[in-house]
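Just so it is clear, none of the values below were taken in a lab; they were calculated from the coordinates. Model, not experiment: these values are computed from the prediction. For neighbour counting, all protein chains shown are included, and Cβ atoms are generated from backbone atoms with ideal geometry for every residue, glycine included.
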Amino acid sequence: MSRIPIEVIVNGVAQRAEVPARRLLADFLRDDLFLTGTKRGCETGVCGACSVLLDGEVVKSCLSLAVQADGHEVTTVEGLAAGEDLHPLQEAFAEHGGFQCGYCTPGMLMAAIAILHETPSPTEAEVRAGLSGNLCRCTGYVGIVESIMAAAEKMRGT
Amino acid sequence: MRDVDYLRPETVAEASALLAELGEGGRLIAGGTALLLALRQRMVAPTHLVSLARVGGLRGITYDPRDGLRIGALTTHSALARSAVVRAHYPVLADMAGRLADPQVRNQGTLGGNLCYADPTTDPPTCLAALDARLVLGSARGDRSLPVTEFLVDYFTTALHPDEILTGIRLPPPRFDLGHHARFHRTAAEHRPLINLTLLARRDGDTVAEARLVVGATTVVPTRVAAAEAFLAGRAVTAAVAREAADIVADAVEPLSDLRGTAAFRRDMLRVMARRSIERLMPPGMEGREVA
């Protein structure tokens with residue numbers, strides 16, 4: 001079967017590749033670009049661990065083909081920090097216990113970025129609705145919600 | 001997922017010709033959220049995916065007071081939910097789209113893809129049936145249009161011909177001033193509705209001048225309950241009226257019965273949903289009002 005040439009801007013860097021049509025965006029990021037921050041969880045579109053931003057909107061990369069990202073911009077969790085400086089959202093997760101095992105965290109961070117982009121001063125209910133596509137099996141979400149509320153305050157102040 | 005070829009036509013006619021040529025081997029891909037699951041579970045195993053991403057004219061939302069609303073088939077659920085004209089003139093549709101599935105699926109999934117997949121357990125068909133939506137089907141042979149209720153035929157089955165593509169959704173100008181789309185989920189974490197119900201009404205003072213009530217997700221295709229609409233017309237909503245109308249709805253529908261919910265359970269939940277929807281739309285007088 002043919003391989004399809006694609007060009008995707010990933011975390012600000014133009015990436016050219018030839019991929020089989022069936023290559024998932026999640027697998028392209030992890031196995032071709034070695035950006036293993038994005039996690040494969042349920043691989044059925046339920047858990048949200050594979051969430052990334054596509055042109056600024058949060059999507060599940062296990063429900064997308066790499067070819068669908070051709071000509072678009074992808075941001076993964078690796079694109080949040082500036083060098084050694086964590087993004088304020090990442091700092092907030094560390095300060096407020098926003099994770100335990102950490103497996104859902106990359107997806108949670110990307111979903112949270114999307115929430116704060118659309119609603120810079122969210123209510124707790126808005127945060128929870130914005131996380132409805134992401135599962136955490138450790139924390140019960142309390143720490144995650146607190147982290148995002150704290151990050152919202154921090155990001156509004158800066 | 002089996003290996004597959006990927007084609008990117010640029011017009012509806014080109015895409016239609018490819019579908020005609022490929023037959024069973026060809027599958028359209030729009031957002032891909034439903035198709036990718038079906039591919040990976042090998043429920044479908046096409047030789048070619050025909051992408052609509054480069055086909056022009058399938059996006060955008062326009063409104064005209066005389067012609068109503070036109071929605072491109074590739075409009076995502078989140079674009080529908082955010083659209084200023086949809087929010088202004090069809091708030092029930094914007095509200096439904098804004099609560100569909102989860103944020104990621106709303107950003108990826110398209111209204112056209114949702115309709116063509118024809119999964120009974122989803123919200124848009126019920127809401128669109130209540131709003132008298134017509135679907136425009138294009139092919140190399142030309143266009144035709146069908147009411148959404150004729151487009152949806154059975155479980156995962158539509159009236160699309162093999163070479164046809166759903167290009168747009170059209171709604172007549174709104175004639176109801178109140179509306180609500182209700183969903184019942186078995187658990188808070190689940191996104192597939194067990195039952196949904198769209199209720200629209202035109203008000204005349206304290207009474208319902210005209211009502212529209214469609215039940216879905218618990219029937220194979222959306223089911224309009226004309227008996228409940230007729231019962232509500234001309235009546236002021238009281239707790240007793242809402243209860244009686246809800247009984248009519250529950251008795252009129254033959255619910256599915258499966259592992260997700262027995263027919264008896266679904267019928268009971270439908271009765272509760274119908275009563276709450278009617279009371280929510282036109283709150284009855286304070287005496288005897290049951291607060292949900």
_Theoretical gain in end-to-end length, B:Asp177 to B:Ala88 [0.36 nm per residue, Cα-Cα removed]_ = 30.9 nm
*Give me the number: length gained by fully extending A:Gln100 to A:Glu73, i.e. 0.36 nm times residue separation minus the C-alpha to C-alpha distance, one decimal in nm.*
6.7 nm
_How shielded is B:46-55 by partner chains, expressed as the average number of their Cβ atoms within 10 Å of its Cβ atoms?_
2
*On average, how many beta carbons from a partner chain sit within 10 Å of the beta carbon of a residue in B:3-15?*
3
*Extending each Cα 7 Å along its Cβ direction at A:Arg128 and B:Val153, get the distance between those two points in nm, one decimal.*
4.4 nm
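Report, in cubic angstrom per residue, the convex hull volume of the C-alpha atoms of the protein assembly as shown.
On the way: hull volume 70.4 nm³, N = 450.
Each residue corresponds to 156 Å³ of Cα convex hull volume.
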*B:Arg170-B:Asp67 pseudo-label distance in nm [points 7 Å out on the Cα-to-Cβ vector]*: 0.8 nm
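Take every Cα pair under 8 Å in chain B that's 6+ residues apart, average their separations, divide by the length, and report that relative contact order as a whole percent.
Working: 634 pairs, mean separation 42.1, N = 292.
Relative CO of chain B lands at 14 percent.
Tell me, what is the FRET efficiency for B:Asp251 and B:Arg280 to the nearest 0.05, using R0 = 30 angstrom and their Cβ-Cβ distance as r? If you can, show how the numbers build up before the last one.
Values: r = 21 Å, r/R0 = 0.71.
Using R0 = 30 Å, I get an efficiency of 0.90.
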_Can you tell me, using C-alpha contacts under 8 Å and at least 6 residues apart, the relative contact order of chain A as a whole percent?_
23 percent
*Measure nothing but the geometry: give the 0 to 90° angle between the long axis through the Cα atoms of A:105-118 and the longest principal axis through the Cα atoms of chain A, rounded to 10°.*
80 degrees
*In Å, what is the Rg of the alpha-carbon atoms in the stretch A:5-88, and how long is Dmax?*
12.1, 37
*What number, in nm² with one decimal, is the all-direction average of the projected area of the convex hull of the alpha-carbon atoms of the stretch A:111-158?*
3.0 nm²
*Cα pair count fraction exceeding 21 Å, expressed as % - the stretch B:179-281*: 28 percent
*Distant-in-sequence amide H partners of B:Thr11 (H built 1.01 Å from N, under 5 Å)*: none
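On a full-extension model of 0.36 nm per residue, what is the gain between B:Arg141 and B:Ala227, subtracting their alpha-carbon distance, rounded to one decimal in nm? Before the final figure, lay out the partial values.
Details: separation 86, 0.36 × 86 = 30.96 nm, distance 3.99 nm.
Additional length available on full extension: 27.0 nm.
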_Give me the three principal axis extents of the stretch B:119-212 from the C-alpha atoms, as integers in angstrom, largest value leading._
51, 36, 17
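Within 10 Å of each Cβ in peptide B:119-127, how many partner chain Cβ atoms are there on average? Round it to a whole number, please.
If you average over the peptide's residues, the count of other-chain Cβ atoms is 0.
Hey, how much of the P(r) for the stretch B:61-171 falls beyond 22 Å, as a percent of Cα pairs? Each step should come with its number before you reach the end.
Working: 1558 of 6105 pairs.
Cα-Cα pairs of the stretch B:61-171 separated by over 22 Å account for 26 percent.
Taking R0 as 56 Å, what's the FRET efficiency between B:Glu10 and A:Glu91 from their Cβ-Cβ distance, rounded to 0.05?
Details: r = 46 Å, r/R0 = 0.82.
In this case the efficiency is close to 0.75.
At 24 Å minimum axial length over the Cα atoms and a Kyte-Doolittle cut of -1.0, report the qualifying DSSP H helices in chain B, or say none. Each step should come with its number before you reach the end.
On the way: long enough: B:263-281 (26 Å, -0.34).
The answer, listed by residue number, is B:263-281.
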_In order through the stretch A:19-35: 3J(HN,Hα) via Karplus (6.51 cos²θ - 1.76 cosθ + 1.60), integer Hz, x for Gly, Pro_ = 10, x, 4, 7, 5, 6, 4, 4, 6, 4, 5, 7, 8, 9, 9, 6, 8
*Each label point is 7 Å from the Cα along the Cα-to-Cβ direction; what then is the distance between the points at B:Glu244 and B:Ala45, in nm?*
5.8 nm
*Kindly state, as a whole number, the per residue volume in cubic angstrom of the convex hull around the alpha carbon atoms of chain B.*
128 Å³
